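Values quoted throughout were computed directly from the atomic coordinates according to the rules given, and no laboratory measurement underlies them. Keep in mind that this is a model prediction, so the values were computed, not measured. FYI the Cβ positions are ideal-geometry reconstructions off the backbone, even for glycines, and counts take in every protein chain you see.
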Amino acid sequence: MATRNRERLLLVVAILCLAGLAGDRLIVTPCLHFWKYRAEEITRLNKTLSRGHLLLTREREIRERWQEMQHDALSEDASQAENQVLKSVDRWVTASRINLVSLKQLWKNHEEHYNTLECRASAQGGISEVSRFLYELEIDPLCLKIENVAITSRDDGGQSLAIDVTFSGVQFVKKEDLS
């Protein structure tokens with residue numbers, strides 16, 4: 001009878017071990033993974049919530065900045081926008097005393113609520129004229145973005161430089177013009 005009890009005990013222990021293993025594989029491990037995923041999701045949502053609260057507290061400043069950017073953007077009329085850029089380039093050339101070689105403008109239409117006027121200017125001058133030209137472009141009140149700048153030396157001493165700069169401006173399109 002003692003052998004029979006030992007077999008039953010081993011069978012019960014084996015069944016308990018299998019039940020524990022199955023419980024671990026089917027219940028405990030999936031629950032731990034789920035809890036870990038939920039904890040990461042809660043952390044992500046808390047960050048999003050904090051960002052939202054920050055945006056709400058800064059709403060007035062952001063709206064004022066957006067209005068300023070829309071005000072400083074290119075005119076809604078294409079010819080006026082091109083004229084604004086030409087006047088700005090003329091101011092930069094006058095202030096920097098650089099020799100403007102060429103200026104090319106190209107409109108790019110977007111599906112969204114804006115268009116961009118991409119311009120490529122080529123000029124020649126010394127280091128002070130080139131740096132002043134770039135400075136004037138950067139501080140111009142017209143909302144322009146420098147896309148690409150290439151500066152090359154035209155002589156062995158580096159006294160004469162050539163600059164090719166690509167910049168773009170944004171033109172916001174009225175909603176009724178989109179249809």
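Helix 127-139 versus the longest principal axis of the chain: what angle, 0 to 90°, nearest 10, using Cα atoms? Between helix and principal axis, roughly 60 degrees. For LYS47, the lysines whose Cα comes closer than 22 Å to its Cα, not counting residues fewer than 8 places off in the same chain, are LYS36.
Computed as a quarter of the hull surface, the mean projected area of the alpha carbon convex hull for region 91-148 stands at 4.4 nm². Ordering of 72-79, 149-156 by packing is 72-79, 149-156, highest average first (other Cβ atoms within 10 Å, averaged per residue). A Cα-only calculation for region 56-160 places Rg and Dmax at 16.6, 57 Å.
Helix 29-57 and the longest principal axis of the C-alpha atoms of the chain enclose an angle of approximately 30°.
Working note: Cα atoms of region 2-57, range along each principal axis, descending, whole Å: 78, 12, 7.
Multiply the residue separation of GLU40 and ALA2 by 0.36 nm, subtract the distance between their alpha-carbon atoms, and state the gained length in nm to one decimal.
Working: separation 38, 0.36 × 38 = 13.68 nm, distance 5.39 nm.
Full extension from GLU40 to ALA2 adds 8.3 nm.
Taken about its Cα centre, the chain carries a charge dipole of about 1560 debye when Lys and Arg each add +1 at the Cβ and Asp and Glu each add -1 at the Cβ. Entry note, the chain: the mean residue ellipticity at 222 nm calculated from DSSP H runs of n ≥ 4, each adding -39500 (n - 2.57), is -18500 deg cm²/dmol after division by the residues and rounding to the nearest 500. For the chain, a Gaussian network of Cα nodes joined below 10 Å ranks ILE27, ILE139, ILE98 by mean-square fluctuation, and the top entry is ILE27.
If one computes P(r) from the Cα atoms of the chain, what percent of pairs lie at distances over 20 Å?
Numbers: 11317 of 15931 pairs.
Within the chain, distances greater than 20 Å cover 71 percent of Cα pairs.
Ranking SER75, ALA22, LEU49 by how far each Cα lies toward the positive end of the dipole of the chain (charges on Cβ) leaves ALA22 at the top.
Please report, in debye to the nearest 20, how large the charge dipole of region 74-178 is about its Cα centre when each Lys and Arg carries +1 at its beta carbon and each Asp and Glu carries -1 there. Walk me through the numbers before you get to the answer.
On the way: 11 positive and 17 negative charges, 46 e Å.
It comes to approximately 220 debye.
Per-residue Karplus couplings for region 112-124, computed as 6.51 cos²θ - 1.76 cosθ + 1.60 with θ equal to phi - 60°, are listed in order as 6, 9, 8, 10, 10, 9, 9, 10, 10, 10, 10, 8, 9 Hz, Gly and Pro entered as x.
Annotation: amide H of SER160 within the under-5 Å range of ARG154, ASP155, sequence separation 5 or more or interchain, hydrogens built in the peptide plane.
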